[in-house]
Amino acid sequence: MGRIQRIWIDERETPPGLGALTRIRSFSEIRDGVLTPLQRLKEQYPDSKILYSHSNSAFQKTFFERNPKISEYDGKDVDLIIRPEEFLPWKSLESVGKNIDQDLENHKDLRKWARKLKVKSGDFQVVGKSKHVHIHPSAKIYPGVVIDVTSGPVIIDKDAKVTSFSFLEGPLYIGQGTHVDNARITGNTSIGNVCRIGGEVGDSIILDFTNKHHEGFLGHSVVGSWVNLGALSTTSDLKNNYGVVKIREEHTEVTTGSIKFGSIIGDFSKIGIGVMLNTGTVIDFGCNVVSSKASGYLPPFIWADGQAYILDLFLRDSRKIMARRNRELSHSESELIRILYETKVRK
């Protein structure tokens, strides 16, 4: 095979199963290891030109604002095409462990981290070979933490904090500035930047700025950014009859091909205290779920009483929440949300 010089990320069509997670971000920007697929492409092919296309011009504009070094696809021949079909949530969950291993091998910065810890090595317990524990020098690991690397590496990034009585099992990535408090996190999990994590989490992908800070179980699930899961909210990731899990997204039913699959939760959605999410539940963008049980598919901007979240109130509340993390919606992201609202709520 010749050298890869031109790579095309073709997102002109979004397959069912990815819609709720890709309202304002590309599938290639969903972290499914230490890195996103887009970052992984840049690491693997540093000298290649990456091209992109999307059917929605407003979405494409927002993508290029976040990724100014990527160009619009020009219709010419390419050496490699990346399409979203290979990154459906259940496929991404299966790949997390492999991706963490690959990212650890390829990502130069990770290999340079000094094994300099903020506490004495005897204050927390490593099960397995300590060479598989990768902790950024600025991360804080409290006494009483157990890190199990017998099944894969554990990577704890810059300014992360793990407090006492937490159990971490690899393969696991904990992102920059994330706090893990009294949590049990089992392997094949990737947690993004500036998250707050407690309770039980396993085999899941959690994107940046999301909070699951209290007791409750999250398993075999993909959770977007700026999501809050209230205390004791819990996902089911296995049907009582051990059947293959199917999900619904809008008017389409899709099989995951797996008996283990929890929920998909889109950006800016809020799950209330004690809410039980049935196996295969899909919560789309900007929902507020407070009923005791949720199942099936909830379309974007559903408010607690089943009515639509008023757009201006949603934008006001989102800006208020983001300001607590010193972040803000860009103008183009706000416009993309308005277009989504006009399309899905006022159609």
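The values are calculated or read from the model by the stated rules, or taken from the named source; none is laboratory data. Treat the numbers as computed from the prediction; the structure is a model and nothing was measured. With ideal geometry, Cβ positions are generated from the backbone for all residues, glycine too; neighbour counts draw on all protein chains shown. SASA here: full protein model, heavy atoms, side chains in, ligands and nucleic acids out. Shrake-Rupley method; radii C 1.70, N 1.55, O 1.52, S 1.80 Å.
Points to keep in mind about this one:
- Cβ pairs under 7 Å, 6+ apart, first in the range 10-34 and over 16 Å from SER263 (Cβ atoms), second assigned to a loop (DSSP other than H, G, I, E, B) and acidic (Asp, Glu): ARG23/ASP267; ILE24/ASP267
- Restricting the range 229-252 to residues that are charged (D, E, K, R) and open to solvent by less than 30 Å² (accessible area, probe 1.4 Å), the residue that is nearest to SER204 (Cα to Cα): ASP237
- Long-range neighbours under 8 Å by Cβ, at least six apart or interchain, first residue within 24 Å of CYS195 (Cα to Cα) within the range 308-331, second basic (Lys, Arg) and surrounded by fewer than 16 Cβ atoms within 10 Å (Cβ to Cβ): GLU328/ARG319; LEU329/ARG319
- Total residues in the range 309-328, condition outside any helix (DSSP H, G or I) and surrounded by fewer than 17 Cβ atoms within 10 Å (Cβ to Cβ): 6
- Among (1) under 25 Å from PRO299 (Cβ atoms); (2) open to solvent by less than 30 Å² (accessible area, probe 1.4 Å), the one test that ARG40 misses: (1)
- Summed over the range 266-281, the residues that are part of a strand (DSSP E or B) and in contact with a Ser or Thr (Cβ under 7 Å, 6 or more places away or on another chain) give a count of 4.
- For the range 185-228, a residue qualifies if it is in a strand (DSSP E or B) and open to solvent by 10 Å² or more (accessible area, probe 1.4 Å), and the qualifying residues are THR186, ARG196, GLU200, ASN211, PHE217, ASN228.
- Boolean, ASP148 is touching a Gly at 6+ places or on another chain (Cβ under 8 Å), under 16 Å from ARG31 (Cα atoms) and surrounded by fewer than 24 Cβ atoms within 10 Å (Cβ to Cβ): no
- Residue in the range 148-158 that is modelled with pLDDT under 95, in a strand (DSSP E or B) and either among the polar types (S, T, N, Q) or over 22 Å from the mean Cα position of the chain (by Cα) (or both) present: no
- The conditions of being open to solvent by 70 Å² or more (accessible area, probe 1.4 Å) and closer than 23 Å to LEU340 by Cα are not met by ARG23.
Rundown of residues vs (1) farther than 26 Å from GLU333 by Cβ; (2) under 16 Å from the mean Cα position of the chain (by Cα); (3) open to solvent by 30 Å² or more (accessible area, probe 1.4 Å), yes/no style:
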residue	(1), (2), (3)
GLY257	yes, no, yes
LYS260	yes, no, yes
ILE264	no, yes, no
MET276	yes, no, yes
VAL282	no, yes, no
GLY296	yes, no, no
ILE302	no, no, yes
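- Qualifying residue in the range 154-166 (condition: under 23 Å from LYS91 (Cβ atoms), in contact (Cβ under 8 Å) with a residue 12 or more places away in the chain, acidic (Asp, Glu) and crowded, with 18+ Cβ neighbours inside 10 Å): no
- Pair list, Cβ under 6 Å, 6 or more apart: the range 38-62 residue within 18 Å of LYS76 (Cα to Cα), other residue among the hydrophobic types (A, V, I, L, M, F, W, C) and surrounded by fewer than 16 Cβ atoms within 10 Å (Cβ to Cβ): SER48/ILE4
- Single unsatisfied condition, SER28 versus (1) touching a strand residue (DSSP E or B) at 6+ places or on another chain (Cβ under 6 Å); (2) open to solvent by 60 Å² or more (accessible area, probe 1.4 Å); (3) closer than 25 Å to ALA160 by Cα: (2)
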